[in-house]
Every structure is written in C-alpha cells, then in structure tokens.
1. Kindly indicate whether any position in the range A:289-299 is open to solvent by 30 Å² or more (accessible area, probe 1.4 Å), closer than 30 Å to A:D197 by Cα and more than 13 Å from RNA strand B (Cβ to nearest atom).
2. When the residues of the range A:277-288 are filtered to those that are within 7 Å of RNA strand B (Cβ to nearest atom) and part of a loop (DSSP other than H, G, I, E, B), which remaining residue is nearest to A:H242 (Cα to Cα)?
3. Restricting to the range A:398-407, name every residue that is crowded, with 19+ Cβ neighbours inside 10 Å and over 13 Å from A:M346 (Cα atoms).
4. How about the range A:460-471: which of its residues are loosely packed, with under 12 Cβ neighbours inside 10 Å and hydroxyl-bearing (S, T, Y)?
5. Taking the range A:301-325 only, how many residues are open to solvent by less than 50 Å² (accessible area, probe 1.4 Å) and either in a loop (DSSP other than H, G, I, E, B) or of a type in the set (S, T, N, Q) (or both)?
6. Return the residues of the range A:264-301 that are of a type in the set (K, R) and in contact (Cβ under 8 Å) with a residue 60 or more places away in the chain; say none if nothing qualifies.
7. For the range A:408-459, enumerate the residues that are of a type in the set (D, E, K, R), open to solvent by 60 Å² or more (accessible area, probe 1.4 Å) and over 30 Å from A:H60 (Cβ atoms).
Amino acid sequence: MNSQNLYIYNSISKSKEKFSPIHADVVGMYVCGPTVYSNVHLGNCRTFLSFDLVFRYLKHLGYKVRYVRNITDAGHLENDGESGDDPILKKARIEQLEPMEVVQKYTVDFHTTMAKFNALPPSIEPTATGHIAEQIKIVEKIIAEGFAYEKNGSVYFDVLKFNEINKYGKLSGRNLEDMIANTRELAAQSEKKNPQDFALWKKAEPQHIMRWPSPWSDGFPGWHLECTAMSTKYLGNKFDIHGGGMDLKFPHHECEIAQAEACNHESPVNYWMHANMLTLNGKKMSKSTGNFILPNEMFSGENNILSKPFSPTVTKFFMYQAHYRSILDFSNDALEASEKGFNKLMDSYRMLSEMKISQFSESTGKSSIDVAFWRKACYNAMNDDFNSPILIAHLFEVVKFVNSLKEGKDTITETDLHLLQKTLHDFLFDVLGLQDIASESSQDSQKLISAVELLIQLRNQARANKDFSTSDKIRDELASKGIQLNDGKDGTTFSLN
RNA sequence: GGUAUCGUGGCCGAGUGGCUAGGCUCAGCUCUGCAAAAGCUGCUACAGCGGUUCGAAUCCGCUCGAUACCUCCA
C-alpha cells in the first residue's frame, strides 16, 4: 500500500499530518451532508466532490473505508432566537407539501445530481429524523455530565461550564473570552445563560409540525446534535476523518467537538478536513443570497452566466484543477479552458489505450520515458493532501508522451506501456472519477456516427477528385450543425461542439 | 469590531528559501487543396513598502485590497 506516505491537512492543527488510521487498513470518515429543503447548488456539490475524491483515493490505496454522510431532514432554525424559522417547514408552506415531501423531493434531487457527477454513494447515509432516539440519549448524557441545562422544555449546552474543563474554540481558533467581549447586542430575552450556549433540544411552538416527544418537551433536536449522534453511532466515539464545508467550521463543528467531549471525555476526530467555497462573482455561492448556479443549469446551459452547456464530468474536472482547500471562482472562461484541456487529455487516453507494443517493439528494448518516475510523481501529488491540480498537471505529461511515441521520437517497453496505460486509467477514472463522455454512445448515436462517417467518405472522395466546392460544402454544412471534421494524418474524425 | 484565510503572468490555477508547475488564450512554425483540428516552439509572473539572508514570490513586519466565519448555508 502507498498509504504510509499520505499526508492530510488537519484543520485543527493547521498543518499537514501523516495519515495513520486508528485501525490499520480501515478508515472511518464522516462528512456533513446537505439540508434538503432546496436543490443543491454547484457550491454544495463542490464540497461533496472534494470528499468523493478523498473517499476514492483512500479506497484506491487499499483502505476499507466506511464513509458516512448524513442527510439533514429536520431543519435548523434560521435564527437562534425563539422566533426562528425552520427552512424545511417554510418550504413546505410555500410549496404546499408535507415537510417529508419536501425532504423526499430534494433528497432525490441531491442523489440524482451526485450520480450525474459520478460521485460514489457513501457507505451509510443516515437521516436526522431517523436518529431522534440517539440524539435524545446524547442530550441526557450531556445533562448527566453537567454540561447542559433545561429551561422551559428546551435544553442548552453550557459553553462556559464546558470551557472550564476543556477549551471551547480550538478548531476555529476562537477563544471564549474574546467571543464574550465581542458579543453583539444581546437578544432581548433569551432562555440561554450565555449567548455562546447552543440548543441541544428545542421545545416546539404549537405551529411547529416536525416534533418528537422527549423527556423535556415535544420538540426537535438542536442543529449540531445529529452529526454527533450519527457519527458516533456508526463510526465510534473516536474516528479518523471528519469533513465538511469551510462554512461549517464554526459554530457547527466546534459544537460537535464540545458535545462529543462532554459525553465521552475525548476528542471525537483525528483529522478535520474542510473543503473551501466555490465562488461566483467573487462571492460565496449561497442559497440565501441567490448567488448560485444549479447543476442542471450548467448541464443545459440555460442560465445567464454560461455561453454553452458543460457536462458534469467537465465541471468536476474544472473543480479538481483547483485544490480543495482553495477558494475557486466560477466563470465561463475558466470552464471553457478546462473543457479544452479535458478533451485533449481524453483524446490522448484513447490513443494510448489503442497503442500496441508491436508498434514499438523494433526499438531498442528500452523506454526513453521514465514511466515509474512519472507514476510516483502522480502518487506523490495525491499523497500531499489530495493535490489533484498537481496530479492533473502530471496527467497532461501523458499527452506529450503519447504524441512523441506516435511520432517515433520516444520508445517504450511492453511493461512500461502497460504500466502507463493502467496508471492513467486508474487516476482518470478510479481516483478522479471522470467519465469519457465521447466514447459513451448509445445505439442511436451509433447510427448517427455511421451517417456522419458516410459523409466523411463522400467528402474525401470529392477531395480526391479535387471537387473542393462539394467537399467544402459538406464540411461547412456539418460545421454549422455543430459537427466539426478533423483531418488528420490517419484520416478524418469528427467531434461535436 | 473580533477571528481567520488569501492577493501569482492576458485568464484559470499549483508551488515554495536557490533549479521552468500545468491548463486555456495569444504569436510563430509544421501539417493541409484551403481552412479547421493536431503537433512543435515561444511568452519568466508572484499586491506595495521595508527587513532577515550569500540568495525570497516563498520567512518577518507594516500598508493596501479581497474573501470567509462571528445568524441558516457545503
């Protein structure tokens, strides 16, 4: 296994650390999933695709990974005060649906979208509403440990008390004294002892439909609780990796740490990973501000931002050309650049796959390309905190290899050719999870392909007869319909625009 | 206001004390009936000002600018 050399940037230590799982060869990973009250936008997708890369690479290294990603179907309160609104309930009112119909609708949208991106489903995808009993147990435990108090049927986590024994804020680099000093004007009348306290259980207002019985009231769980309940249930009190979007670092993940430590007296997670935001017009994509683009708008091209549609795999390739911890700005130009690069890479992949060693066997029996060194460089890139942009830069070196092999400028041995083919395939499809869209064609498109090939034949006959007006007509008419002919040394191929 | 992060060539984006990322664009060339496509070659940047160092885009300080979190958001 190459795993000895994997380094992961740990948000809590702010440094790259050698990855060493609790149990050799087995990895437990938890990632905060979506709140299903609206369609996932592209920014949401970026985070899940970042962790899909992590999941795929760990598996590629030979780890058995249990990947848990929750579905938040209970809704958080938009404001922490008593007048808060639950986005799922709000949406149910607007769309005149049962809350669970809202949840179902957007869960399905999430799954189909991730499938289009060819993201692997997690091992377990638990829902918050399916784990109310577990959440209540945790609240009871935290109360028993003395770090929570009940007020009017609601239960709050006592951050000040917790901070006496265990520093609150270590993930986000905040310190409680500063936070208290900088508290904005106090909410008029809060049940909380301190503004920093957060709800573990909320008593439901009469109009609140999503409610469950508990020892304290008919109500619903606080918004940080589900992740603690479900991560520890499926991965244990201490597990390897916890991931999520950068925007969840505080307060969500900070509160998760506090809850788990209050219960179990140990830090729940060894490696905290945070994926950075996808921005649009230099600003974070966000549901509430309306600054976002939906995946389907990408794929159809029906939007004001893009000049044309972009496929899911090109979109993903674009994202992976930036490191997951960097902010990535979304733009039409950047997408177009990625698409061209992607197509070039896939063309080379196809050419390489079709190469037979007999083409080079008359050579000296030596490779002039150091395949093993190149392969190592690819692994080094991924081992350095999943550096997909560096990996992709190395994959582009294959474009040069393939061209110079074709031109006979380089030689390769059979062993090296197979290694090159396999390594490229593994990284392209297993690790990055890309799809070769051009070679995936249905029976119908097969028929169209043969029709175009017939036209190519006719055109080449015309060219042979120097009947250039006919040949140019075929070429130009096809081009106007989005079919572009490419004349090469070995004949004419075509591509779709 | 507090806490972080970041500022790289025409664009997107890596990296990091000394050796050229990569992609796209652009220019020149090769190929081609012409074009397109493809290939080859070229384009040496790191916000500003100081400091440390034999040497900094990379470390330190300040200034300016941007973003994120501090209210739900991946």
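1. No; the residues of the range A:289-299 include none that is open to solvent by 30 Å² or more (accessible area, probe 1.4 Å), closer than 30 Å to A:D197 by Cα and more than 13 Å from RNA strand B (Cβ to nearest atom).
2. The qualifying residue nearest to A:H242 (Cα to Cα) is A:M277.
3. A:F401, A:L405 - these are the residues of the range A:398-407 that are crowded, with 19+ Cβ neighbours inside 10 Å and over 13 Å from A:M346 (Cα atoms).
4. A:S469 - this is the single residue of the range A:460-471 that is loosely packed, with under 12 Cβ neighbours inside 10 Å and hydroxyl-bearing (S, T, Y).
5. 10
6. A:K284, A:K287 - these are the residues of the range A:264-301 that are of a type in the set (K, R) and in contact (Cβ under 8 Å) with a residue 60 or more places away in the chain.
7. A:K409, A:D444, A:K447, A:E453
Conditions (1) more than 32 Å from the chain's Cα centre (by Cα); (2) within 14 Å of RNA strand B (Cβ to nearest atom); (3) not assigned by TED's automatic domain parsing to the domain that holds A:P251, marked per residue:
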| position | (1), (2), (3) |
| --- | --- |
| A:N194 | yes, yes, no |
| A:F198 | no, yes, no |
| A:A204 | yes, no, no |
| A:S217 | yes, no, no |
| A:P221 | no, yes, no |
| A:E226 | no, yes, no |
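The values are calculated or read from the model by the stated rules, or taken from the named source; none is laboratory data. As the structure is a prediction and not an experimental result, all values here were calculated from the model. FYI the Cβ positions are ideal-geometry reconstructions off the backbone, even for glycines, and counts take in every protein chain you see. The accessibility values were calculated without ligands, DNA or RNA, using every heavy atom of the protein model including side chains. Shrake-Rupley method; radii C 1.70, N 1.55, O 1.52, S 1.80 Å.
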